[in-house]
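The values are calculated or read from the model by the stated rules, or taken from the named source; none is laboratory data. Bear in mind that the values here come from a model prediction, so they are computed numbers and not experimental data. Using ideal geometry, Cβ is built from the backbone for each residue, glycine included, and neighbour counts are taken over all protein chains shown.
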Amino acid sequence: MLNSNSREFVIKINLITASKWLCFLSLLQFSAVAQDAKPESNRFTKVVLAQKLEEPMQFQVMEGGKVLYAERKGKLKLYDPATNKMEVIADLQVSREYVKKKSEREEGEDGLQGVILDPDYASNHWIYIFYSPKSASVNRLSRFTWKSGKLNMATEKKVLDVPVQREECCHVGGGMVFDKDKNLLLSTGDNTYSKSSDGFTPIDERPGAAPRDAQKSSGNTNDLRGKILRIHPEADGTYTIPEGNLFPKGTPNTRPEIYTMGNRNPWRLTIDSRTNWLYWGEVGPDGANGSESRGPRSYDEFNIAKKAGNYGWPYFIGDNQAYRYYDFATKKSGELYDA
């Protein structure tokens, strides 16, 4: 027969044992939940909405499952799941060619680069389009009013022009995203020909070689190319500058629209809705091998901006790996750039 102290000891042991079993069962349940978090692939059916798309650049999923998307050659299209049909709602006349000094023409990357709905689209019916008009050497951000049917081009409000050269290809950017404060972020490429740089940094400073020098754009605080811009669109079609961009408004030889600079070809953007941090992919050059006399091999990048900053191109690549200064006239290398 157990005395009271013995019974108390046994009860305590039993409680500890029960607690351990409860913890073990909880772990089993957690493990089962974790395994169930990834649904079986046979629960999904892939449905092809459309085929033979011609260079689709950016899309927006709308109410009711409609999909609005831009094709680089100028068509803005709408897929309607109710009819299972694709409709062209606009066909913009866009610049797609580069014309060299000898009048040689080549297809480039310019055109209809992106489309995004205003955060309040349901009430104001505004959409923003980034495209390369034929009428001017700029890449243009415009706002249109679009309710249904065809896009009425007469509703265009020109928000922002990015002056470009159309002598030699490439890099346009064109990613757009709104942050939680309804600021619009827009990526722009360095508008620089890189193939003459042997896979290294394009900093050709010879007279007449500006299309091959990314210092004019990405490395230039007073130029909108090779950047991620951040603006706040206003109701009248203008924009204001939000606080926290790279250069305070009024800083000499700078553009206040710049959020990040030192970009080569920033592509699609995304915003963390909780932190407001910006993420994007950066397309790198084509150098497979590094060189002691020129600099590192090429890298594509995934970047994060917790605040405004300079991301280094054309002086650095990857995790701040430095190129050397290179004189394209004498073909002599100088010092490494200092981060």
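Keeping to the range 278-298, report how many residues are part of a strand (DSSP E or B) and not hydroxyl-bearing (S, T, Y).
5
Determine which single condition D204 fails, assuming it passes every other condition in (1) under 24 Å from Y69 (Cβ atoms); (2) surrounded by 20 or more Cβ atoms within 10 Å (Cβ to Cβ); (3) touching a residue at least 60 places away in the same chain (Cβ under 8 Å).
Condition not satisfied by D204: (1).
Testing E168 on (1) at pLDDT 95 or above; (2) surrounded by 21 or more Cβ atoms within 10 Å (Cβ to Cβ), one condition comes back false. Which one is that?
(1)
Take the residues in the range 75-98 that are of a type in the set (V, I, T) and exposed (fewer than 14 other Cβ atoms within 10 Å of the Cβ); name whichever of them is modelled with the lowest pLDDT.
Applying the filter and picking the extreme gives T83.
Can you name every residue in the range 102-119 that is without any contact (Cβ under 8 Å) to a residue 60 or more places away in the chain and closer than 15 Å to G237 by Cα?
Residue satisfying the conditions is L117 alone.
Return yes when E87 is more than 24 Å from the chain's Cα centre (by Cα), touching a residue at least 24 places away in the same chain (Cβ under 8 Å) and either more than 20 Å from G237 (Cβ to Cβ) or assigned to a loop (DSSP other than H, G, I, E, B) (or both) and no when it is not.
Considered against the rule, which asks whether it is more than 24 Å from the chain's Cα centre (by Cα), touching a residue at least 24 places away in the same chain (Cβ under 8 Å) and either more than 20 Å from G237 (Cβ to Cβ) or assigned to a loop (DSSP other than H, G, I, E, B) (or both), E87 comes out as no.
Has the range 228-237 got at least one residue that is under 30 Å from A329 (Cβ atoms) and under 19 Å from the mean Cα position of the chain (by Cα)?
The answer is no; no qualifying residue exists.
Within the range 237-294, restricting attention to residues that are among the aliphatic types (A, V, I, L, M) and touching a residue at least 40 places away in the same chain (Cβ under 8 Å), which residue is farthest from Q321 (Cα to Cα)? Don't jump to the end; show me each part of the working.
So in the range 237-294, the residues among the aliphatic types (A, V, I, L, M) come out as 241, 246, 258, 261, 269, 271, 278, 283, 288.
Restricting the remaining residues to those that are touching a residue at least 40 places away in the same chain (Cβ under 8 Å) gives 246, 258, 261, 269, 271, 278, 283, 288.
Working: L246: 22, I258: 23, M261: 17, L269: 23, I271: 26, L278: 22, V283: 16, A288: 15 Å.
Top of the filtered list is I271.
I'd like the residue in the range 99-115 that is of a type in the set (G, A, S) and surrounded by 14 or more Cβ atoms within 10 Å (Cβ to Cβ) and, out of all such residues, is nearest to L269 (Cα to Cα).
G114
All but one of (1) out of contact with any Ser or Thr (no Cβ under 6 Å at 6 or more places or on another chain); (2) under 20 Å from M176 (Cα atoms); (3) outside any strand (DSSP E or B) hold for Y69; which doesn't?
Exception for Y69: condition (3).
Taking the range 182-208 as the region of interest, how many residues are hydrophobic (A, V, I, L, M, F, W, C) and modelled with pLDDT under 95?
0
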